[in-house]
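These notes are about the structure you will find just below.
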Amino acid sequence: MSELREPPTVLRITEVGEEILSRTCRTATEEDFGSERLARLIDDMFVTMAVADGCGLAANQVDVDLRLFVYDCPDDDGVRHTGHVLNPVVDEQEPGRALIEETEGCLSVPGANTKLARPARTVVRGVDQFGDPVVIEGTGYFARCLQHETDHLNGGLYIDRLSARDRKRMLKQAADRREKVFAERAAKAAKLAR
């Protein structure tokens, strides 16, 4: 996180059904790179992700139209990966690639999770907050995180990859658990503010 005079702010997380989650986000440009506004957004997103017990968070999940996500995620070997990427693009997957089916959830579909198959390895290319190129390679759970967050910036949610029946089940699960999830997030945010 960058050094700021004010502590980071916990932002509101957008929920399934909000328009910003269903459209492709704006590409970051020279006007964004190196700006205090961008540094602040990244700091705020890290704090918001931590309060919500997430491992990744896309800018449109905090109601910002920008191709940016942050992550703090372990891989299957227990190695912790932390960082951010702007304008991410997932390398094309080869036919016959290995898939792993694991439980997946989303901070914007609070409390709902289900099994979903994703490639076991992913490479994402983009830039950092200063516009310098970055290449992030992930395996296992971290690969899933990179794919999930890039999907967000392309206007997709993990439930869009499910059958209509399973999607409906996830929306019901989220509705049933929403209040509890939001109460837990509010308690963590209050504790952080002390």
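Some points to look at:
- Membrane-span-like helices in the chain (whole DSSP H runs, Cα extent of at least 15 Å along the helix axis, mean Kyte-Doolittle hydropathy of at least 0.5): 36-51.
- Ordering of 106-115, 64-73 by packing [mean C-beta count within 10 Å, highest first]: 64-73, 106-115
- Here the 3J(HN,Hα) profile of segment 56-61, calculated from phi with Karplus coefficients 6.51, -1.76 and 1.60 at θ = phi - 60°, is x, 8, 8, 4, 5, 6 Hz, Gly and Pro shown as x.
- Helix-only mean residue ellipticity at 222 nm for the chain, each DSSP H run of n ≥ 4 adding -39500 (n - 2.57), per residue, nearest 500: -10500 deg cm²/dmol
- Charge dipole (segment 89-157, unit charges on Cβ, about Cα centre) - positive-most of Pro133, Val89, Gly105: Gly105
- Viscosity 1.002 mPa s, 20 °C: Kirkwood-radius Stokes-Einstein D of segment 109-162 over Cα pairs, µm²/s: 173 µm²/s
- Global geometry of segment 83-194, whether rounded, prolate or oblate, following the gyration tensor of its Cα atoms and the 1.5 cut on a/c: oblate
- Each Cα pair under 8 Å and six or more residues apart adds its sequence gap; the mean of these over the residue count of segment 118-169 is a relative contact order of 28 percent.
- Extension gain for Asp132-Val89 works out to 14.0 nm (0.36 nm per residue, less the C-alpha to C-alpha distance).
- Each of Leu68, Ser35, Ala175 was scored by the projection of its Cα onto the charge dipole of the chain, and the greatest displacement toward the positive side belongs to Ala175; charges sit on the C-beta of Lys, Arg, Asp and Glu.
- Linear extension gain, Arg97 paired with Arg165, 0.36 nm per residue minus alpha-carbon span: 21.8 nm
- Under 26 Å between alpha carbons - lysine pairs in segment 38-194 that sit 8 or more apart or on different chains: 8
- Rounded if a/c under 1.5, otherwise prolate or oblate - segment 77-139, Cα gyration tensor axes: oblate
- Relative contact order for segment 65-122: 26 percent, from Cα pairs under 8 Å spaced at least 6 residues apart, divided by residue count.
- In this Cβ point-charge picture (+1 for Lys and Arg, -1 for Asp and Glu), the chain has a dipole of about 920 debye about its Cα centre.
- Accessible-area composition of segment 76-181, carbon plus sulfur, in percent [1.4 Å probe]: 48 percent
- If you sort His152, His84 by accessible surface, 1.4 Å probe, largest first, the order is His84, His152.
- Excluding ligands, DNA and RNA, the accessible surface per residue across segment 1-92 is 51 Å² with a 1.4 Å probe.
- Across the chain, the mean sequence separation of Cα contacts (distance under 8 Å, 6 or more residues apart), normalised by length, yields a relative contact order of 23 percent.
The values are calculated or read from the model by the stated rules, or taken from the named source; none is laboratory data. Because the structure is predicted, anything quoted here is derived from the model rather than measured. All Cβ positions, even for glycine, are placed from backbone atoms using ideal geometry, and neighbour counts span all protein chains on display. For accessibility, only protein heavy atoms count, side chains too; no ligands or nucleic acids. Shrake-Rupley method; radii C 1.70, N 1.55, O 1.52, S 1.80 Å.
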